[in-house]
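Asks: Dumping the structure here so I can ask a few things about it.
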Amino acid sequence: MRRRPKLDPAINLAPFIDIVFLLVVFFMVTSTFITPETGLPIDLPGAVTGEAKPASAPVVVLDAQGQAHWQGQAVDDATLLVALRGALVDDPVGTVVLRADRKVPHGRVVEVMDTIRRAGAKRVAIAVIP
């Protein structure tokens, strides 16, 4: 009787590594990354009927003191008007998102909305917490 050579038990890890790699790629592609809208602490009002914001819409922020911010910089209304006109030139939809703190007086919010509309925006979306 002839003896068979002893085989070393081995597990081939290549298919396992391939599957793990595909799962990592799948979860990276399908996941969404939450990025903060702005570095300013804004206490947004709540609403039940909120919708998702347009993907590339410019964002104007009003802090609790009523100061307008464009791209993280505090600006006056005239500077905001010029900056928004430049941002809306290539935007066919013309939507601007206004993130106003809940403590800002209503009159100041309306002034900034008017500035946004004078800049050429067709729609002003008010940011809320759903």
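We did not get these values from a lab; they are worked out from the coordinates using the rules stated. These numbers were taken from a predicted model, which means no experiment stands behind them. As a convention, Cβ positions derive from the backbone with ideal geometry for all residues, glycine included, and neighbour counts pool all protein chains shown.
Asks: Once you have the Cα-Cα distance between ASN12 and LYS103, take 0.36 nm times their residue separation minus that, and quote the gain in nm to one decimal.
Replies: 26.5 nm is the gain from fully extending ASN12 to LYS103.
Asks: On to the next question. How much length, in nm to one decimal, is gained on full extension between VAL25 and ALA47, taken as 0.36 nm per residue of separation minus their Cα-Cα distance? Don't jump to the answer; show the numbers that get you there.
Replies: Details: separation 22, 0.36 × 22 = 7.92 nm, distance 3.58 nm.
This chain segment gains 4.3 nm when fully extended.
Asks: What angle do you read, to the nearest 10 degrees and between 0 and 90, between the alpha-carbon axis of helix 106-118 and the longest principal axis of the chain?
Replies: It is inclined by approximately 80 degrees.
Asks: Along the Cα-to-C-beta direction of THR79, a point sits 7 Å from the Cα; which residues of region 115-130 have their amide N less than 18 Å from that point?
Replies: 115-116, 119
Asks: Further, regarding this structure: Among DSSP beta bridges whose residues both lie in the chain, state the antiparallel percentage, nearest 5. Each step should come with its number before you reach the end.
Replies: Numbers: 6 of 15 bridges.
Once the DSSP bridges in the chain are tallied, antiparallel ones form about 40 percent.
Asks: Okay, next question. What number, rounded to the nearest 500 deg cm²/dmol, is the helix-based mean residue ellipticity at 222 nm of the chain, given -39500 (n - 2.57) per DSSP H run of at least four residues and division by all its residues? Mind dumping the intermediate values first?
Replies: Details: 3 runs with 42 residues, N = 130.
Value at 222 nm, helices only: -10500 deg cm²/dmol.
Asks: For ALA125, list long-range residues whose amide hydrogen, built 1.01 Å from N in the peptide plane, is under 5 Å from its own amide hydrogen.
Replies: For ALA125, the qualifying residues are VAL96, VAL97, LEU98.
Asks: For the Cα atoms of the chain, what angle does the longest principal axis make with the long axis of helix 77-88, in degrees from 0 to 90, nearest 10?
Replies: It is inclined by approximately 50 degrees.
Asks: If you don't mind, another one. Before anything else, pin down the relative contact order of the chain: Cα pairs under 8 Å, at least 6 apart, normalised by residue count, whole percent. All intermediate terms of the calculation are to be shown ahead of the outcome.
Replies: Numbers: 157 pairs, mean separation 36.5, N = 130.
Result for the chain is 28 percent.
Asks: Once the Cα atoms of helix 14-30 and of the chain are each reduced to a long axis, what angle between those two axes, in degrees from 0 to 90 to the nearest 10, is obtained?
Replies: 10
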